[in-house]
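Scroll down for the structure; my scribbles are underneath it.
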Amino acid sequence: PKNKTIDEWFVQQAMTTPDNIAVQQGEEKQTYQQLDQASNHVARYLIEQGVSVGDKVGLCLDRCMDLMPTILGIIKAGGTYIPLDASYPHGRIVYIIENSGIQQVLTRSDIALGLPTGNWQFISLDSQKSSIEQCDNSALDTLSNADQLLYMIYTSGSTGRPKGTGAFHHAEVNLLSWYCREFSMSEQDNVLLMSAIGFDLTQKNLFAPLITGATLVLPEFQEYDPESLISTIQKYQISWLNCAPSAFYPLQDDQKHWQHLNSLRHVFLGGETINAQRL
């Protein structure tokens, strides 16, 4: 679908499977309808704060239940999201914000305390929650188009200065159309997000479940912990993983763990050379 945007695709799926679980973290769950409405709150609030079509918007969150309403809200407002890692050195964060022209950074108040300040606005999703939720949550007209940037990720840069690399809506739609069709992602799949928000491979794993009626499962911990990941895979019957090989090996090196991984249907490894012998 060459002219479709990611938010259009998600909204179509939300109308098809409104009561399916879209996102889950521990005992917290959000249906497709609830996620759609929550992202509409965020989109309208951003528009009130001056975000317009084509604007770059900073996203500084961990893997939490606010993540997808925020990303979809940025997109629905016509913006391009740029992940920022709170653990980055302040100089790198400031450079990315200033280089990209970010005017608003969506975050949480506890994360904002550790971020550098400047000529940009922090929107704290927790402290400003009541104002956000007062905004209308009904459907918005699609503001983006397929030729607009969906997101930008800053690389280390061969010169040592970070370089923003953008992905357009039509490119992501093309990737997802192949990814989900070729490997038959469906409403029965549970997709575990193992990688950090700022990785390129993370982006397709955020959106793929949400255009197929599947469930995106967020771990209840932020640091890499193989034992906890194995437990999560078993508890939530994860069927789909995408991560670096070095992140997967510790999950399967010990044969006693294999029975806990038997819900897995597809495992995608990328970003570095695969050691086939370890698999």
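The values are calculated or read from the model by the stated rules, or taken from the named source; none is laboratory data. These numbers come from a predicted model, not from an experiment. Neighbour counts run over all protein chains shown; Cβ positions are idealised from the backbone, glycine included. Protein only, heavy atoms only, side chains kept; ligands, DNA and RNA dropped before computing areas. Shrake-Rupley method; radii C 1.70, N 1.55, O 1.52, S 1.80 Å.
Each of Glu187 and Gln33 was given a label point 7 Å from its Cα along the Cα-to-Cβ line. The distance between the two points is 1.4 nm.
To the nearest ten degrees, helix 32-48 and the longest principal axis of the Cα atoms of the chain are 30 degrees apart. Each stretch of four or more DSSP H residues adds -39500 (n - 2.57); spread over every residue of the chain, this sum gives -10000 deg cm²/dmol at 222 nm. Residues Ser158, Ser52 ordered from highest to lowest accessible area at a 1.4 Å probe: Ser158, Ser52. Accessible surface ranking for Glu27, Glu98, Glu187, 1.4 angstrom probe, highest first: Glu27, Glu98, Glu187.
Think of each Lys and Arg Cβ as +1 and each Asp and Glu Cβ as -1; about the Cα centre, that makes the dipole of the chain roughly 560 debye.
Counting only protein chains, not ligands or nucleic acids, how are Lys56, Lys235, Lys2 ordered by accessible area (probe 1.4 Å), most first? Intermediate values should be presented prior to the final figure.
Working: Lys56 50, Lys235 120, Lys2 175 Å².
From most exposed to least exposed: Lys2, Lys235, Lys56.
Taken about its Cα centre, segment 92-178 carries a charge dipole of about 460 debye when Lys and Arg each add +1 at the Cβ and Asp and Glu each add -1 at the Cβ.
Using the structure shown, list the pairs from Lys163/Lys235; Lys56/Lys204; Lys56/Lys129 with a Cα-Cα distance above 29 Å, or answer none. Checking Cα-Cα distances, Lys163/Lys235 exceed 29 Å.
Cross-link reach is defined here as a Cα-Cα straight distance under 13 Å, omitting same-chain residues fewer than 8 places apart; for Lys4 the aspartates and glutamates meeting it are Asp147, Glu172. When the surface is traced with a 1.4 Å probe over the full set of protein chains, His90 keeps roughly 90 Å² accessible. In the chain, the longest principal axis of the Cα atoms and the axis of helix 6-16 are about 70 degrees apart. Projecting label points 7 angstrom from Cα along Cα→Cβ for Asn174 and Thr155 puts them 1.8 nm apart.
Which distance in Å, rounded to a whole number, links the C-alpha centroids of segment 7-61 and segment 98-160? Cα centres, segment 7-61 to segment 98-160: 13 Å.
In the context of the full set of protein chains, residues of segment 152-279 present 49 Å² of accessible surface per residue (probe radius 1.4 Å, heavy atoms only). The angle separating the long axis of helix 226-235 from the principal Cα axis of greatest extent in the chain is about 90 degrees. Each other residue within a Cβ distance under 13 Å of Val53 adds +1 if Lys or Arg and -1 if Asp or Glu, for a net charge of -2.
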